[in-house]
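This report concerns only the one structure given below.
Read-outs: derived from the displayed coordinates by stated rules, not from any lab. Quick caveat: nothing in here was measured; it's all calculated off a predicted structure. Using ideal geometry, Cβ is built from the backbone for each residue, glycine included, and neighbour counts are taken over all protein chains shown.
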2 protein chains.
Amino acid sequence: MTKKISIVDIANTLNISKTTVSFILNGRAQEKRISEELVERVLKLVKEVGYKPNSLAKSLRTGKSNIIGLMVEDISNPFFASIARLIEDRAYEKGYRIIYCSTDNDTGKTQDLITMFRDRHVDGYIMAPPSNIDDDVRSLLKSGSPVVLFDRYLPEVETDYVVVDNQFSTYNATRHLIEQGYSKIAFITFSSQQSQMMDRVTGYKNAMKEAKLKTFIKEVDFNRNEELIIEPIHAYLKKNPTIDAVLFGTDHMGTCGLKVINQLGLKVPDDIAVVSFDDYDVFKLHSPPVTAIAQPIETIADNIITLLLKKLDNGNAQTMQKITLSTNLNIRNSSKQVVKAV
Amino acid sequence: MTKKISIVDIANTLNISKTTVSFILNGRAQEKRISEELVERVLKLVKEVGYKPNSLAKSLRTGKSNIIGLMVEDISNPFFASIARLIEDRAYEKGYRIIYCSTDNDTGKTQDLITMFRDRHVDGYIMAPPSNIDDDVRSLLKSGSPVVLFDRYLPEVETDYVVVDNQFSTYNATRHLIEQGYSKIAFITFSSQQSQMMDRVTGYKNAMKEAKLKTFIKEVDFNRNEELIIEPIHAYLKKNPTIDAVLFGTDHMGTCGLKVINQLGLKVPDDIAVVSFDDYDVFKLHSPPVTAIAQPIETIADNIITLLLKKLDNGNAQTMQKITLSTNLNIRNSSKQVVKAV
DNA sequence: ATGAAAGCGCTAACAC
DNA sequence: GTGTTAGCGCTTTCAT
């Protein structure tokens, strides 16, 4: 097999030193003024025997692994899966590989993960950080590793990040519902201290306050068991039958919410209007289609990887960039007041 | 930082040799009859200075990386994302990490990926193989690396794999449609030579043949641009207005298909009945809910990782296991003939 | 019971 | 222009 051939083997076969081979293989032949002819011979043999440099050894020596550590909340969530896919593609083009992990927003698990990534000498980190991870990120930064945050950021840590304008997004969505004539508007979301979630609540609150409306906020604890998310929403909606519209804080929340609304036999939008953060097939194909706050997934992924690759090239030298992108409110029939308020 | 400390540093500090430290760290103190007291001292210092072995160096020396290479068709597809998530969890518990890549069913890209994984000395491979990858998989096997295939297998290669009973699944789904009184039943799927797709077509064909019905098969080329999938379906359905039911070959196909049906303003199931392979929120939440062939995701993931871990433990010694799991046809309103045939 | 030393495959400073 | 050599940090055989 292509197994055991090392740089020494090919050097010996050609009766030259492995240094020369190494130089040639790393494109430094010109610089070292190695004869065209030797270069050819080496390249030919390399191809012939199918020699592949051992990247482990290379990494050990150079300290570079060409691996990027990607930490998302949950790879099975469509938002994160899509981002991961796009990042993977761009990184691949540039010769980087991705090791990913799902953090479940668990700080302890994330710390473990960071240790393991550091251990493996990953060259850079992309992370949707859980709360209370500030010190760990700082220490990463201090040791010279580039870190790009996304989806949320850590207000107390000076890093690059790519997020969307969460506060305006929910403010805007809430305004939309108000303009459509709804007044008992609930905001149902995950309980979380993360920046993006805080901002989303704030946007909702501001819009409601501005319109002098009473807020209805329901926070549900995150759980991987969907039943445990559906149940509290069910209870909440049942207990507050006057609610005439609901804004869901994430795609997952929105999906669970729709299930509840089905269970309760509520008509959308007549009984209850629906808007959700994130925009996926579930919302587009629903009857009626669900109004959704669409994040610019591709732009997000593009910015993340561009930022990281730049740092990787520049030896992490530059100043931090904080990128906030705007979302798009895709208005559909789930939030259009039918003319009945006449 | 926790950066530069190596085994030598801690050996020097304690005035002992690095060998001893290595033994202690690898739990061979007993075996080597190293004094309790020394062991304690070493462990204490290690903890104190936060020494972490360099896993790169370890891998170089031992040839083990504790990394598993996972190759899926597309990580942003919910089926693969869910599987990936479950595998990640189980592997993590056992101290293994996952490097993943999306193959896009592209043989060339997959070969690159394999080379890169092999390069990085991954300990094992999990793969949803594209076609024509037989030789590469064989060579992996020959070089002693455990490989577990899933979702599809390579008939010509003797490996472990975990798949579902695709042929029976579509046969059964088609039978269901026939029993409901549909007769112009189309099968819309990706054009592919992969085992799972071939089996799905066969199942459909067999059921139709058995019932003496004419088959309507539309194969669409895979493309990452959704528009290019939607368009041919649109054209096909428009050109064959007599079709009264359709079975979609994958979740992605089904989602695109529903979009087309919406565009065409067709009523489900009155104008057209719908059944899809794979069962996701999109189908459950659709109005009417869509009948779907549910794969046992957790069981699949569990079997895959159990198989691989066993091989990893046993030095890849055992015989191959071929596991075929059954699916579940979740019958919903999208395929229930409304009583009109009276 | 502990240590010296070889070596995994590679890079790069320094010779010649 | 090309070769010698010293590590990168670790494991493991063989001595003692």
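Angle, helix A:36-49 long axis vs. longest principal axis of chain A, Cα atoms, 0 to 90°, nearest 10? Result, in degrees: 60. Shortest first, residue A:131 label-point distances to identical copies amount to 5.3 nm, with the label point at 7 Å from Cα along Cα→Cβ. Distance from the Cα centroid of region B:284-303 to that of region B:144-208 is 15 Å (rounded to whole angstrom).
Can you bin the protein assembly as shown into rounded, prolate or oblate? Criterion: square roots of the alpha carbon gyration tensor eigenvalues sorted a ≥ b ≥ c, rounded for a/c under 1.5, prolate for a/b above b/c, oblate for the rest. Note, shape of the protein assembly as shown comes out oblate.
Relative to the other identical copies, residue B:57 shows label-point distances of 1.7 nm, where the label point lies 7 Å from Cα along the Cβ direction and values run shortest first.
For chain B, the longest principal axis of the alpha carbon atoms and the long axis of helix B:227-239 meet at an angle near 20°. In this structure the amide hydrogen of residue B:216, modeled in the peptide plane, comes within under 5 Å of the amide hydrogens of B:187, none closer than 5 places in sequence on its chain.
Mean separation of Cα pairs under 8 Å and 6 or more residues apart, divided by the residue count, gives region A:1-97 a relative contact order of 22 percent.
The mean number of Cβ atoms from other chains found within 10 Å of a Cβ in peptide B:65-71 is 1, as a whole number.
Going from the residue with the fewest nearby Cβ atoms within 10 Å to the one with the most, B:169, A:82, B:335 rank A:82, B:169, B:335. The GluC sites (Glu not before Pro) of region B:163-255 meeting both criteria, a DSSP state outside H, G, I, E and B (loop) and at most 16 other C-beta atoms within 10 angstrom of the site's C-beta, are B:226. Rg over Rh for region A:151-208 works out to 1.05, using Cα positions for both radii and the Kirkwood form for Rh.
When you have a sec, figure out the Kirkwood radius of chain B from all distinct Cα pair distances and drop it here in Å to one decimal?
One decimal place: 22.9 Å for the Kirkwood radius.
Electrostatic tally near residue A:332: other residues with Cβ closer than 11 Å to its Cβ, Lys and Arg +1, Asp and Glu -1, net +1.
Which pairs, out of A:184/A:267; B:205/B:336; B:18/B:44; B:205/B:239; A:18/A:44; B:4/B:58, put more than 18 Å between their alpha-carbon atoms?
Table pairs above 18 Å Cα-Cα are B:205/B:336; B:205/B:239.
For region A:7-53, the spread of Cα coordinates along the three principal axes comes to 25, 18, 17 Å, biggest extent given first. Taking the convex hull of the alpha carbon positions in region A:139-289 and averaging its projected area over all directions gives 10.1 nm². The calculated 222 nm mean residue ellipticity attributable to helices in chain B amounts to -14000 deg cm²/dmol, summing -39500 (n - 2.57) over DSSP H runs of n ≥ 4 and dividing by all residues. Across chain B, the relative contact order, built from alpha-carbon pairs under 8 Å that are at least six residues apart, equals 16 percent. To the nearest ten degrees, helix B:297-313 and the longest principal axis of the Cα atoms of chain B are 30 degrees apart. Students often forget the sequence filter, so: which lysines lie under 17 Å Cα-Cα from residue B:322 once same-chain residues fewer than 8 apart are removed? Output for residue B:322: B:310, B:311. Selection among B:5, A:125, B:236 by position relative to the dipole of the protein assembly as shown gives B:5 as farthest towards the positive end (Cβ unit charges, Cα centre).
Restricting the trypsin sites (Lys or Arg not before Pro) of region A:247-318 to loop positions (DSSP other than H, G, I, E, B) with no more than 14 neighbouring Cβ atoms within 10 Å leaves A:267. Label-point distances for residue A:36 to the equivalent site in the other copies, using a point 7 angstrom along Cα→C-beta, read 7.5 nm when ranked shortest first.
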